[in-house]
Amino acid sequence: MALSGGGARGIAHLGVLKALAEFGLRPDIIAGSSAGGIVGGLYAAGYSPEEILDITRHANLFNIFDLKFYQGIFSMNAFEKIYLKHIPHNSFEQLNMPLYVTATDILKCETVYFSSGELAVALMATSCVPVAFQPVTYEGTEYLDGGILNNLPVEILEGKCEAIIGVHVNSIDKTVSHVHTKDMIDRSFHLVLSGSVKEKEDKCDLFIEPPSMSRFGMFDISDADEIFKAGYEYTMSLKDRIELFQKGLTETVETD
């Protein structure tokens with residue numbers, strides 16, 4: 001599975017994972033950017049979607065407004081404590097499945113994939129929203145949010161698995177009559193990213209994009225239950241598509 005970024009909208013990934021499990025589908029390998037990387041890390045560590053939802057509620061993983069300023073900008077240090085508390089081994093190698101987490105090397109201007117070593121560093125780097133946070137400094141370079149250059153890391157999964165499910169949680173509601181000032185940057189950012197979504201979709205054997213997710217803000221952790229429900233119910237509504245996907249997957253395995 002490839003899981004996109006999206007701030008608090010990433011909670012929809014949990015609803016998708018729960019629904020897919022009810023169809024008998026569970027990922028063997030995960031790649032994630034930003035919020036998708038966080039969800040992927042906790043899921044690969046063995047937490048269920050419901051348990052991760054509970055963690056996000058109590059730890060405010062997608063809410064910068066409860067953090068303290070450091071030299072005029074937010075620091076990621078508070079998040080490191082959260083990751084170490086819930087994943088004390090802090091190691092990619094001890095996860096239950098392979099995990100790839102993207103980050104943007106802001107000095108070299110390129111996407112970097114973390115897949116080994118310290119997990120907490122990767123989870124901080126992948127979700128380090130520019131301007132809001134200080135860059136994460138690690139091994140001589142500086143990292144920002146993985147979604148800047150690759151918000152749905154499908155490519156890293158190609159050739160590593162039999163089928164790819166992509167989950168994009170940034171569908172834009174085009175029926176609104178007004179965009180609030182506080183949502184303008186968020187909406188503009190995802191409009192820029194939307195150009196590459198079609199290309200990513202074409203690389204997926206099953207593409208899941210819950211509709212009108214832009215009605216939720218990037219930091220609206222208070223809407224966690226509603227966001228989770230939106231991901232779950234939309235995925236459950238794809239019964240025919242998912243069963244067709246499962247049929248194709250079974251035929252591929254039998255052919256192999």
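The values are calculated or read from the model by the stated rules, or taken from the named source; none is laboratory data. Nothing here was measured: the structure is a model prediction, and the numbers come from that model. When we count neighbours, we look across all protein chains shown, and the Cβ atoms used for this are built from the backbone with ideal geometry, even at glycine. Only protein heavy atoms, including side chains, enter the accessible area calculation; ligands, DNA and RNA are left aside. Shrake-Rupley method; radii C 1.70, N 1.55, O 1.52, S 1.80 Å.
Which entries in the list Lys160/Lys229; Lys81/Lys203; Lys18/Lys108; Lys198/Lys239; Lys200/Lys239 go over 27 Å, if you measure between the two C-alpha atoms of each?
Lys160/Lys229; Lys81/Lys203; Lys18/Lys108
Could you give the alpha-carbon Rg of region 95-156 over 2.2 N^0.38 Å, rounded to two decimals?
1.03
Could the peptides 134-140, 96-102 be put in order, highest first, of the mean number of other beta-carbon atoms found within 10 Å of their residues?
Sorting 134-140, 96-102 by mean packing, highest first, produces 96-102, 134-140.
Measuring with a 1.4 Å probe in the full set of protein chains, what accessible area per residue, in whole Å², belongs to region 68-137?
I get 51 Å² per residue for this part.
Just subtract the alpha-carbon distance of Leu249 and Ser48 from 0.36 nm times their residue separation and send over the number in nm, one decimal.
70.0 nm
Out of residues 5 or more away from Met76 or on other chains, whose amide H comes under 5 Å of its own, with H placed 1.01 Å from N in the peptide plane?
Gln134
Calculate what fraction, in whole %, of the accessible area of region 76-132 sits on carbon and sulfur atoms when a 1.4 Å probe is rolled over the protein chains.
54 percent
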